[in-house]
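Shown next, in structure tokens, is the structure this report addresses.
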Amino acid sequence: MRLKFKELSQCYFKLEKTQKKLEMVDILAETLSKASSEEIGKISLLTIGKIYPDFLGIELMLAEKMATKALAISTGKNEKNVAKIVEEVGDLGQTAQILLEKKSQSTLLSFTAQKEEKDYEIIDVWNILDSIAQTSGEGSSDKKIRILSGLISKASPLEARYIVRMVIGQLRLGVAIQLLLEALAKAKTGTRDKKNILERAYNITSDICFVSETLFKEGIEAVAEIKAQIMNPIKVMLAQRVSSAEELLERFDGKVSLEYKYDGLRVQLHKKGDKIKLFSRRPEDITKQFPDVIEFIHDAALKDNFIIEGEIVAYDSKKEKILPFQQVSQRKRKHDIEQKITEIPVRVYLFDALYADNKSILDEGYLKRREVLSNILKETESIKFSHQTIADNTDEIDSFFHHALENSCEGVMGKGVGEDSIYQAGARGWNWVKYKADYVDKLSDSFDLVILGAEFGKGKRAGKYGTFLLGCFDVEESIYQTFTRVATGFSDDDLAHFFEILKPLEREKPKEVLSDIDCSVWFDPKIVIEITGAEITKSQMHTCSRGYFDNENDGLALRFPRFTGKLVDDRPPEQATSNEEIRTIYLLKQ
Ligand code: ATP
């Protein structure tokens, strides 16, 4: 028997009512355990607010205005009245629920009106949401609104609450992927212990639908056997940081593979026969934005099938010089692509191979993978292997480091040389370490922090947000902790832009945010910005790393923060600077 969307909605409602993580896992696991293997993939996606894995690029996201219109049509209300209720209750989902409750009461009172509710199966709702997402072209907005209003008009009030939130991309359950993986493990194996197996499979496929279906169809043993596949992006491996050559060498027991750290856009390239796809680190499909890179790979490839990684940088071939990040970041666009290809030519520096000769090589040591890389492609004018050497003393590291800076790089990457230096998909482990110019002498480099809340500005900033509460991500707990409040470094244009992108994200304080500081407005934690600061100090105001120090009220705070002008839009908030990284920097400076 197939599960009803009503049951899923009740589960979501219970999830909303608790802050306790274990309780959430239990509530979700109970409902998931009733799903069939045909349904579980779609339920998993819906529960994290998606209908497809990100890398397929099929998004549901409807503008709030369109969803408001659909709600107005399906409840026979005027759009302005709907918007007024939204303003009062602060959420379109709750507004939908209120309006549908009113509608069903009036239907009960009227003897002539028919009860219209349909007993939706989850699959029905997924199918309809899918058709909304797939509608494109002329007149598509009206069509989407029509489909959505049809869906809402036959939904129960509670179902409407979540349908509306799903379409505008604000489900607000506080269920991150980690919690979902735990709940799936519990639902199928009875305990949360096997979550790691699911997490590994998810990290190498980026596809929760496939992983959960495999679990429900073939069991946890089959999930443990899942392998990386070409055209499914592998979650990128990230680096820890060190602030001296001595520490770098120590981290790798006296011998390290060094590479230039190029300042560009990370790219994972997948080739299967003639087909090539490029994924960003989010991972999003960015193939269409770089037709030139596709050509370069076709020219350089010596093999048919592979997955490799590198950094795309802007390159001035006359001056033989890598150009700053700001240049290449202009290539991340959906329009005028051809024009930008001529204006901002790029080069790719490749540094890793993850799949070759029809198998995954994630578990091979780094040097082996690097050797494979050199057999997959040849170097051309536009495809290069990252500059590399093996070092076993600090003089060599210093000299390589300075060459890197002279060649317009940010610093160096250190990578393990042993067989254990495997590719840790989705992890920020110590197999990769970055050592950047900014770390020398100064506090550290910048932090990528998530905007959690804001206060309105005064004077000429009135009406816009003027001060922002920023947080880091706690990977273990999947929560955001506060780290600093920033009001400097913003131009008037920045503030106008932030108001535009943050206003639709306003909401009640999210439960995934751990904060002792109150804010006039809270946001869905989605926007990441780059911040520099003067010093990290202990603070009882901020929750970053609270619980790690002798005094249990102590957290860490960034003093004299300043916005660098960079909106970090190439990574999800879960890849923002973590509390662990901040702690490492704090301890290094003690
Ligand atoms: P940062 O802002 O310091 O680049 P990050 O959060 O973007 O940090 P990290 O994993 O901390 O990413 O640092 C490694 C990043 O450096 C990679 O994601 C990649 O984009 C870039 N990079 C440049 N050159 C190399 C290289 N030779 N090997 C690995 N990564 C490299």
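The values are calculated or read from the model by the stated rules, or taken from the named source; none is laboratory data. Keep in mind the model is a prediction, meaning the values are calculated, not measured. With ideal geometry, Cβ positions are generated from the backbone for all residues, glycine too; neighbour counts draw on all protein chains shown. We work out accessible area using only protein heavy atoms, side chains counted, and drop any ligands, DNA or RNA first. Shrake-Rupley method; radii C 1.70, N 1.55, O 1.52, S 1.80 Å.
Points to keep in mind about this one:
- Residues in the range 61-76 that are surrounded by 19 or more Cβ atoms within 10 Å (Cβ to Cβ) and not small (Gly, Ala, Ser): Leu62, Thr68, Lys69, Leu71, Thr75.
- Residues in the range 186-200 that are assigned to a helix (DSSP H, G or I) and either farther than 21 Å from Ile234 by Cβ or touching a Phe, Trp or Tyr at 6+ places or on another chain (Cβ under 8 Å) (or both) were compared, and the one that is least open to solvent (accessible area, probe 1.4 Å) is Ala187.
- Annotation: of all residues in the range 381-402 being within 18 Å of Glu309 (Cα to Cα) and not β-branched (Val, Ile, Thr), the one that is surrounded by the most Cβ atoms within 10 Å (Cβ to Cβ) is Ser386.
- Pairs where the first residue, in the range 572-585, is under 11 Å from Gln481 (Cα atoms) and the second is open to solvent by 20 Å² or more (accessible area, probe 1.4 Å) and away from the ligand (no atom under 12 Å from the Cβ), C-beta under 7 Å, 6+ apart: Ser578/Val475
- Any hit, the range 354-367, residues being open to solvent by 50 Å² or more (accessible area, probe 1.4 Å), within 16 Å of the ligand (Cβ to nearest atom), over 28 Å from the mean Cα position of the chain (by Cα) and under 24 Å from Ser257 (Cβ atoms): yes
- Identity of the residue in the range 286-313, within 16 Å of the ligand (Cβ to nearest atom) and under 16 Å from Leu373 (Cα atoms), that ends up surrounded by the most Cβ atoms within 10 Å (Cβ to Cβ): Ile307
- The one condition in (1) closer than 23 Å to Ile276 by Cα; (2) open to solvent by 40 Å² or more (accessible area, probe 1.4 Å) that Glu246 fails to fulfil: (1)
- In the range 255-285, the qualifying residues are those that are open to solvent by less than 30 Å² (accessible area, probe 1.4 Å) and more than 16 Å from the ligand (Cβ to nearest atom), and the one that is farthest from the chain's Cα centre (by Cα) is Gly273.
- Filtered residues of the range 508-527 (kept if within 20 Å of the chain's Cα centre (by Cα) and at pLDDT below 90): Lys511
- Only a single criterion out of (1) modelled with pLDDT of 90 or more; (2) surrounded by fewer than 20 Cβ atoms within 10 Å (Cβ to Cβ); (3) under 15 Å from Val475 (Cα atoms) is not satisfied by Ile582, namely (2).
- When the range 556-573 is limited to residues that are in contact with a helix residue (DSSP H, G or I) (Cβ under 9 Å, 6 or more places away or on another chain) and more than 26 Å from Gln330 (Cβ to Cβ), the one that is surrounded by the most Cβ atoms within 10 Å (Cβ to Cβ) turns out to be Leu558.
- Filter result for Thr342 (more than 26 Å from Phe400 (Cβ to Cβ), free of Cβ contacts under 8 Å to residues at least 12 places away in the same chain and open to solvent by 50 Å² or more (accessible area, probe 1.4 Å)): yes
- For the range 537-561, taking the residues that are part of a strand (DSSP E or B) and at pLDDT 90 or above, the one that is nearest to the chain's Cα centre (by Cα) is identified as Cys544.
- Scanning the range 19-49 for residues that are of a type outside the set (A, V, I, L, M, F, W, C) and either under 24 Å from the mean Cα position of the chain (by Cα) or in a helix (DSSP H, G or I) (or both) yields Gln19, Lys20, Lys21, Glu23, Asp26, Glu30, Thr31, Gly41, Lys42, Ser44, Thr47, Gly49.
- Sole residue being closer than 11 Å to Lys261 by Cβ and modelled with pLDDT of 95 or more, chosen from Ser374, Ser421, Ser386: Ser386
- Taking the numbered list (1) more than 16 Å from the ligand (Cβ to nearest atom); (2) open to solvent by less than 20 Å² (accessible area, probe 1.4 Å) in turn, Phe210 passes all entries but (2).
- When residues of the range 332-365 are limited to those that are basic (Lys, Arg) and modelled with pLDDT under 95, the one nearest to Lys434 (Cα to Cα): Lys332
- Within the range 82-101, being free of Cβ contacts under 8 Å to residues at least 24 places away in the same chain and open to solvent by 20 Å² or more (accessible area, probe 1.4 Å) holds for Ala83, Lys84, Ile85, Val86, Glu87, Glu88, Val89.
- Evaluating Lys526 against the criteria (1) open to solvent by 30 Å² or more (accessible area, probe 1.4 Å); (2) closer than 13 Å to Tyr480 by Cα; (3) not in a loop (DSSP other than H, G, I, E, B) leaves one unmet condition, (3).
- Counting only strands (runs of 3 or more DSSP E) that fall entirely inside the range 375-470 and contain at least 2 residues that are away from the ligand (no atom under 16 Å from the Cβ), the qualifying elements are 447-456.
Residues are listed down the side, and each one gets a yes or a no for (1) more than 17 Å from Ala239 (Cα to Cα); (2) under 24 Å from the mean Cα position of the chain (by Cα); (3) surrounded by 19 or more Cβ atoms within 10 Å (Cβ to Cβ); (4) not aliphatic (A, V, I, L, M):
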| position | (1), (2), (3), (4) |
| --- | --- |
| Ser408 | yes, no, no, yes |
| Gly411 | no, no, yes, yes |
| Gly414 | no, no, yes, yes |
| Ala427 | no, yes, no, no |
| Trp430 | no, yes, no, yes |
| Gly463 | yes, no, no, yes |
| Ile479 | yes, yes, yes, no |
| Gly489 | yes, no, no, yes |
| Glu500 | yes, yes, no, yes |
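- Residue within the range 213-233 that is within 16 Å of the ligand (Cβ to nearest atom) and open to solvent by less than 40 Å² (accessible area, probe 1.4 Å) present: yes
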